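Presented below is the structure to which this report refers.
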Amino acid sequence: MILPFYQALTEDVQALSAQVSAPAATALHDIRRKALERFTAIGLPSLKTEAWRYTNIQRYLKEFPYELLTTATPVSAAVAESKAIPELDCYRVVLVNGHLQADQSVLPEGKGITIGAMSAHTTAPGFAHFNQQPHLAGESLAQLNTALFADGLYIELAANTVLDKPIHIIHVYSATAHAFIQPRHLWVLNRSAAATIIESSVHPETATVAFANSVLETVVMENAELWHYNVQQGEESFREVHTTAAQQYKDSRYHHFNFTLPNTPFTRNNLSVALNGSHTETNLNGLYIANKHQHVDNHTFMDHIMPDCNSNELYKGVLLDDANGVFTGKILVHQEAQKTNAFQQNNNLLLGSKADINSQPQLEIYADDVKCSHGFTAGQFSEESMFYLRSRGIGEDAAKALMVNAFSHDITDAIKVPALQHHLQEQIAEIMNN
Amino acid sequence: MLTIKNLHAEVEGKKILKGINLEINKGEMHAIMGPNGSGKSSLASVLAGRDNYTVTEGEVWFNGKNLLDLAPEDRAREGVFLAFQYPVEIPGVSNLNFLKTALNEIRAYKGLPALEAREFLKLTKEKQQLVDFHSNLMNRSLNEGFSGGEKKRNEIFQLAMLDPQLAILDETDSGLDIDALRIVSNGVNKLRDAEKSFVVITHYQRLLEYIIPDFVHVLYNGRIIKTGTKELALELEERGYDWLKEELHLKESV
Ligand SMILES: Nc1ncnc2c1ncn2[C@@H]1O[C@H](COP(=O)(O)OP(=O)(O)OP(=O)(O)O)[C@@H](O)[C@H]1O
Ligand SMILES: [Mg+2]
């Protein structure tokens, strides 16, 4: 008899392992076995776990009787199409529960470009980076993913390969029962390669709930540059723990944008960047606009291992209704990481009567010649500004929409893809006007 | 068009307006003068609907509607416009987007369709010229980093764009150099017609040489203590307000 999923997670995770088809490569098999051991050793996070103090993950895991789902059922192309970004000229990758749907995808082709299912690329040269990001080891849900993932998207750009258009990845999550789904992705940009990648996700069913525990590793090698946008505008029947673990090498640039918009009730984003080389640039931008009972937790970690690196983190939140926000910004500057510049800012608009934010900077600095700063604000609209707008005939809702747009403009202005920028500005206005 | 009857208002428990009576008809230009702190901006704020003021007594009728019942945006949509003494800066809201939103909200209220982009731009160009408002300010954030004069010009530019029936200009002339004053006054004069009325609040008679008022009122300690024509402004400029106080005491004691 198969144990219920949550019980299996806590009592007999081996039983779950049996449900995952045995991977072909033995090296991977070994990694999975170790990850499972590690998961069993760490256990699920609880409110006592430092990194999960404000997010009761167990409550969300128990919320529905999930089943571990490792397969994909055919989904109509209209589902992915619903997340298309108007006017965006891009390649498209459609994944269903992590499995690549070649017939619905338009993949980039050409010299230096490798893109396809993880399962088909376990022997590709870049796959050597799999599971190497140092922070994954401490995160039990990431270990669970490593142990049990079915498939995901592998991208490798050879040295000097520059993608001419953005890739838009649409993650479709689809199941006939409440499902726990664990995609696993690895993107490697080799020396001086460059790409723009946009992610969206969709869960079309309304009667059943999907919980995604996805892990993405990105490796930005020497002098490479990755623009990475993640748009979380999910359904009420979706829950997500989204882990992005990046590694950067010398002279590389990584620009991460995370947008969390309604209506997914629970979102936890783990974002961590390990700097393995000097003279890197990292920009972490986040915008969360949450309403109703949404719980949005952004957990970020900038790991300054090497000297002469710059990181800039700006997370902004608009919390409406009863929405609950959590922000953690950990910056670790190792003793060797002299001449580090690391800046962090978290600003919030608390607009709902029961809206709430827990924000904690965690700066650990072991080098002496560094520039680091952090800041936090939480406030409401200025009454003066609201009155000014209303005195010009602008209704209260439209005035709020303008103000929220204004609040988020330093993030949306930094978006380098005009169609995406326009799309998000419109989405923000629409959320505020409802 | 506008009838103010025995208007009393307070802010944070402090009585500021103490029985204002004023009748403004179509096409008229009224000037309100008065010493600092006498309640001029407060009167403008109460008319525009700033909610930290509480009206404790009196009525305000605008084209047959009880103005005090309306939300600030509805007063604007009905045709009341206030040019602020201190326009606020709103970083991140572009001037252009702000105006388009305002204009279309007012049009929607009147049952008109939103302006097409082309028509909007045409209107913008036309009105920009009226007050010599530089187009590079259009794409900037609303009033952010504008000079004092640019902010005031922006108020008049908005006035021209939104085309209200009643415009209240609160010290729009203060801090303007003579060239800017001329531009702003010319703009206002071009907007004047038989259907529109203006209330200009000012400390300086100088403005009233460009914008000739039909009436000049003196607001003192929350009341209009004297009403006259443009000659009254000259007299105030020369003699200050003290003689008026004396005259008033005289009258009251008689
Ligand atoms: N928010 C407030 N709280 C307390 N008192 C206020 C507030 N706003 C205005 N006042 C007071 O109300 C009185 C009238 O102020 P108001 O700004 O209307 O004067 P004014 O005639 O416009 O002056 P000025 O010529 O300096 O612009 C002043 O005594 C002022 O201090
Ligand atoms: Mg004033």
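The values are calculated or read from the model by the stated rules, or taken from the named source; none is laboratory data. Quick caveat, the model's predicted, so the values are computed rather than measured. Here Cβ is always computed from backbone atoms with ideal geometry, including for glycine, and neighbour counts include all displayed protein chains. Accessible surface is based on the protein model in full, side chains and every heavy atom, while ligands, DNA and RNA are left aside. Shrake-Rupley method; radii C 1.70, N 1.55, O 1.52, S 1.80 Å.
A few remarks follow.
- Loop sites in the stretch A:182-274: GluC sites (Glu not before Pro), DSSP, at most 16 other Cβ within 10 Å: A:Glu236
- With contacts taken as Cα pairs under 8 Å at a separation of at least 6 residues, chain A carries a relative contact order of 10 percent.
- Ellipticity estimate at 222 nm from DSSP helix runs (n ≥ 4, -39,500 (n - 2.57)) divided over chain A, nearest 500: -6000 deg cm²/dmol
- Placing A:Lys371, B:Lys226, B:Lys100 in order of accessible area, with the largest value first and a 1.4 Å probe, yields A:Lys371, B:Lys100, B:Lys226.
- Nearest-0.05 FRET efficiency for A:Asn433 and B:Tyr210, computed from C-beta distance (R0 30 Å): 0.10
- Choice from B:Asn154, B:Asn95, B:Asn63 with maximal GNM fluctuation in chain B (Cα, 10 Å cutoff): B:Asn63
- Rounded to the nearest 0.05, the FRET efficiency derived from the C-beta distance between B:Val55 and A:Asp413 at R0 = 51 Å is 0.75.
- Chain A: C-alpha gyration tensor shape, a/c 1.5 cut-off, then a/b vs b/c: rounded
- Listed by chain and number, the lysines whose alpha-carbon sits under 23 Å from that of B:Lys190, ignoring those within fewer than 8 places in the same chain, are B:Lys26, B:Lys100, B:Lys122, B:Lys125, B:Lys127, B:Lys151, B:Lys152, B:Lys230.
- Sequence ranges B:114-121, A:108-115, A:335-342, ranked by mean other-Cβ count within 10 angstrom, highest first: A:335-342, A:108-115, B:114-121
- Difference of contour (0.36 nm per residue) and Cα-Cα distance, A:Gln132 to A:Asn263: 43.8 nm
- Rounded if a/c under 1.5, otherwise prolate or oblate - the stretch A:337-390, Cα gyration tensor axes: oblate
- Under 17 Å from the Cα of A:Lys165 - aspartates and glutamates, other chains or at least 8 residues apart: A:Glu87, A:Asp89, A:Glu109, A:Glu156, A:Glu199, A:Glu225
- Taking each residue as 0.36 nm, the span from A:Glu50 to A:His293 lengthens on full extension beyond its C-alpha to C-alpha distance by 85.1 nm.
- The stretch B:104-254, relative contact order [Cα under 8 Å, separation at least 6], %: 16
- Electrostatic bookkeeping for A:Ser82 treats Lys and Arg as +1 and Asp and Glu as -1; over the other residues with beta carbon under 14 Å from its beta carbon, the sum is -1.
- The residues packed around A:Asn433, meaning those with a beta-carbon under 12 Å from its beta-carbon, carry a net charge of -4 if Lys and Arg are +1 and Asp and Glu are -1.
- Taking the chain by itself as reference, the stretch B:81-96 contains these residues with an accessible-area loss of 40 Å² or more in the full protein complex (1.4 Å probe, heavy atoms): B:Phe84, B:Val88, B:Ile90, B:Gly92, B:Val93.
- Computed E for A:Lys34/A:Asp89 - FRET, C-beta separation, R0 45 angstrom, nearest 0.05: 0.60
- GNM flexibility winner over chain B from B:Gln205, B:Gln165, B:Gln129 (Cα, springs under 10 Å): B:Gln129
- Net charge over other residues, Cβ less than 15 angstrom from the Cβ of A:Ser382 (K, R count +1; D, E count -1): -3
- Distance between modelled label sites at A:Glu426 and B:Glu237, nm, 7 Å Cα→Cβ extension: 5.5
- Straight-line reach from B:Lys14: taking Cα to Cα under 18 Å and skipping same-chain neighbours fewer than 8 places apart, the aspartates and glutamates in range are B:Asp51, B:Glu57.
- From phi via Karplus (6.51, -1.76, 1.60), per-residue ³J(HN,Hα) for the stretch A:111-125 in Hz, x at Gly/Pro: 4, x, 10, 10, 8, x, 5, 3, 4, 8, 10, 5, 10, 5, x
- Exercise: per-residue mean of other protein chain Cβ atoms within 10 Å, A:41-50: 0
- Of all accessible heavy-atom area on the protein assembly as shown, the percent that carbon and sulfur account for (1.4 Å): 49
- Cα-based shape type of the stretch B:30-159, given that a ≥ b ≥ c are square roots of the gyration tensor eigenvalues and the cut on a/c is 1.5: oblate
- Over the stretch A:65-264, relative contact order from alpha-carbon pairs under 8 Å, at least 6 apart, %: 21
- Each label was represented as a point 7 Å from its Cα along the Cα-to-Cβ direction; for A:Gln362 and A:Asp103 these points are 4.6 nm apart.
- For the protein assembly as shown: accessible area per residue (Å², 1.4 Å): 41
- Each residue, B:Leu112 and B:Ser174, gets one label point 7 Å from its Cα in the Cβ direction; the gap between the two is 3.3 nm.
- Restraint check, A:Lys34/A:Lys316; A:Lys62/A:Lys83; A:Lys292/B:Lys110, Cα-Cα greater than 31 Å: A:Lys34/A:Lys316; A:Lys292/B:Lys110
- Computed [θ] at 222 nm, deg cm²/dmol, chain B (DSSP H ≥ 4; -39,500 (n - 2.57); rounded to nearest 500): -12500 deg cm²/dmol
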